[in-house]
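Here is the structure we will look at.
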Amino acid sequence: MWLLAELTYACPLQCPYCSNPLQLPSSRKEELSTQQWLDVMRQARELGAVQLGFSGGEPLVRPDLEQLIREANDMGFFCNLITSAIGLDEEKIRAFKYAGLRHIQISFQGSDAESNAYFGGTDSFDHKLAMAKKVVEHELPLGLNFVLHRHNLHQVKPFLEQALALGAEFVELANSQYYGWALHNRDELLPSKKQLEDAERVTNEFRAQHPGEMDVFFVAPDYYDDRPKKCSNGWGTTFITVNPKGEVLPCQSAHVIPGLEIPNVKESSLKDIWLESDLFHRFRGLDWMREPCRTCPEREIDLGGCRCQAFLLTGDASNADPVCSLSPHHHKITEAVEAAQRSADEVQTLVFRNPRNAKKIAEEKS
């Protein structure tokens, strides 16, 4: 039902929790062309996809974005733009709406200019605010995304107040999930239990004070639960991700699992990939499960949890997600959580995607 079109990995941000691959292509020459993306979208519609998310990296980097939106809308997609707003202006907002864009989600890295610049690596806070206002002025539904971690959980209240003042339709308070660059920085990003509880309390108080004015979604980190989430609503059931090179994945992070033959739209049709490929069948359903998942009465609720997380933390994607308290590897989660209970003021070293940005930040802190 959902096609995530990762148009490019190019991005002006350098977030220390970036979900894109650790090793990025050195050139954009391998990116799918406009016509290749249009073909992908046509095939996805024939399979039944109705939601289309334009993502990245930063999708605004693509000069053909307006054309892709227009033709996707003509195909019958509900089109979403997931953006940092860097590179956005009023003319583009107007053009995207006319082309058929139905929704814009803008990400923030902090609730003020200083923290937003620190974690995103760009001085873009005022521009983000201005573009959020323009989106609402042009009567496009606006969503705001705020990635949370131990260094900005205390900013939940001011961020929610800003979002309400801007006229956002919804806010996603998404605690960082630990894949890719975020896993690399996990020990410095994972919040303490008290931080998390305080942020949830503030969120609930805001909801109670502003009933029906704005939807607020609080996504807690998996590490503070004893049961995992159902991975992408079930591997190979609902989502297709196509990355800039044309690789087709059941979830954004599946490329981290070694030994998987990842199909490409340059070589196979989406229909064949969805129905016939080993990748989409590998963890689809229940037959792949091993104990304790195989005989667990809850196996159809969470489908064993996240395959990528299972591999990253245990070395085997067929293992139960360690988030589950029934997993023999659950100690890997409890140890990380225990380490996170230190004072929020204790600062270790965050590693940013751009080494130059990391060096600049280190110099400023010293």
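Taking the Cα of LYS193, stepping 7 Å toward and past its beta carbon, and measuring to each backbone N in segment 209-250: which are under 17 Å?
Only 220-227 fall inside the zone, counting backbone N under 17 Å.
Charges on Cβ only, +1 for Lys and Arg, -1 for Asp and Glu, centred on the Cα centroid of the chain; of HIS255, CYS308, VAL156, which one is farthest towards the dipole's positive end?
Projecting each Cα onto the dipole axis, the largest value belongs to HIS255.
With a 1.4 Å probe and all protein chains left in place, how much accessible area per residue does the chain have, in Å²?
The answer is 45 Å² per residue.
Reachable lysines from LYS266, Cα under 24 Å, same-chain residues fewer than 8 places away excluded?
Qualifying lysines at Cα under 24 Å: LYS29, LYS245.
For segment 111-247, take every pair of Cα atoms, bin their distances at 10 Å starting from 0, and report each bin as a whole percent.
That works out to 10, 34, 36, 18, 1, in percent per bin.
Net charge within 13 Å of THR203 by Cβ-Cβ distance, Lys/Arg positive one each and Asp/Glu negative one each, not counting THR203 itself?
Here the charged neighbours net out to -4.
Peptides 183-194, 143-154: what's the order by average Cβ count within 10 Å, highest mean first?
The most tightly packed comes first, giving 143-154, 183-194.
Leaving ligands and nucleic acids out of the surface, order SER107, SER19, SER84 by accessible area at 1.4 Å, largest first.
SER19, SER107, SER84
To the nearest 20 debye, what is the magnitude of the charge dipole of segment 243-284 about its Cα centre, counting +1 on the Cβ of each Lys and Arg and -1 on the Cβ of each Asp and Glu?
140
State which entries of LYS194/LYS332; LYS229/LYS271; LYS97/LYS230 exceed 31 angstrom in Cα-Cα distance in the structure shown.
The pairs that break the limit, which is 31 Å between Cα atoms, are LYS97/LYS230.
Taking a probe of 1.4 angstrom, what is the accessible area of MET214 in Å², to the nearest 10?
Near enough 20 Å² of accessible area.
Fully extended, how many nm does the chain gain between ALA165 and ALA130 (0.36 nm per residue separation, minus their Cα-Cα distance)?
Answer, rounded to one decimal: 11.4 nm.
Work from the charge dipole of the chain (Cβ charges, +1 for Lys and Arg, -1 for Asp and Glu, about the Cα centre) and give the residue of GLN195, VAL216, TRP288 farthest towards its positive end.
TRP288
Using a 1.4 angstrom probe and counting only protein chains, how large is the accessible area of ASP123 in Å², to 10?
So the heavy atoms of ASP123 present about 140 Å² to solvent.
Given +1 on the Cβ of Lys and Arg, -1 on the Cβ of Asp and Glu, and no further charges, what dipole in debye does segment 69-118 carry about its Cα centre, rounded to the nearest 20?
Once rounded to the nearest 20, the dipole reads 240 debye.
List the aspartates and glutamates whose Cα lies under 12 Å from the Cα of LYS134, skipping any in the same chain that are fewer than 8 positions away.
Qualifying aspartates and glutamates at Cα under 12 Å: ASP89, GLU90, GLU91.
Would you calculate the separation in nanometres between label points at ASN264 and ALA113, each defined as 7 Å from the Cα along the Cα-to-beta-carbon direction?
Spacing of the two 7 Å Cα→Cβ label points: 4.5 nm.
Which percentage, to the nearest 5, of the DSSP beta bridges contained in the chain is antiparallel?
Expressed as a percentage, antiparallel bridges in the chain total about 10.
Mind giving me the nanometre distance, one decimal, between the label points for GLU213 and ASP225, set 7 Å out from Cα along Cα→Cβ?
Between GLU213 and ASP225, the label points sit 2.9 nm apart.
Carbon-plus-sulfur fraction of the accessible area of the chain, 1.4 Å probe, in percent?
Ligands and nucleic acids excluded, carbon and sulfur reach 49 percent.
Tell me the mean residue ellipticity at 222 nm calculated for the chain from its helices only (DSSP H runs of n ≥ 4, each -39500 (n - 2.57), averaged over every residue, nearest 500).
Calculated mean residue ellipticity at 222 nm is -10500 deg cm²/dmol.
Compare GLU6, GLU300 by solvent-accessible area with a 1.4 Å probe and give them largest first, with all protein chains kept in place.
GLU300, GLU6
Taking the Cβ-Cβ separation of GLU200 and ASP278 as r and a Förster radius of 56 Å, what is the calculated FRET efficiency to the nearest 0.05?
0.85
Which value in nm describes the separation of the simple spin-label points at LYS29 and THR334, placed 7 Å from the Cα toward the beta carbon?
5.3
The values are calculated or read from the model by the stated rules, or taken from the named source; none is laboratory data. Since the structure is predicted, the reported quantities are computational estimates derived from the model, not experimental observations. Here Cβ is always computed from backbone atoms with ideal geometry, including for glycine, and neighbour counts include all displayed protein chains. Remember, those area values only see protein heavy atoms, side chains included, never the ligands or the DNA or RNA. Shrake-Rupley method; radii C 1.70, N 1.55, O 1.52, S 1.80 Å.
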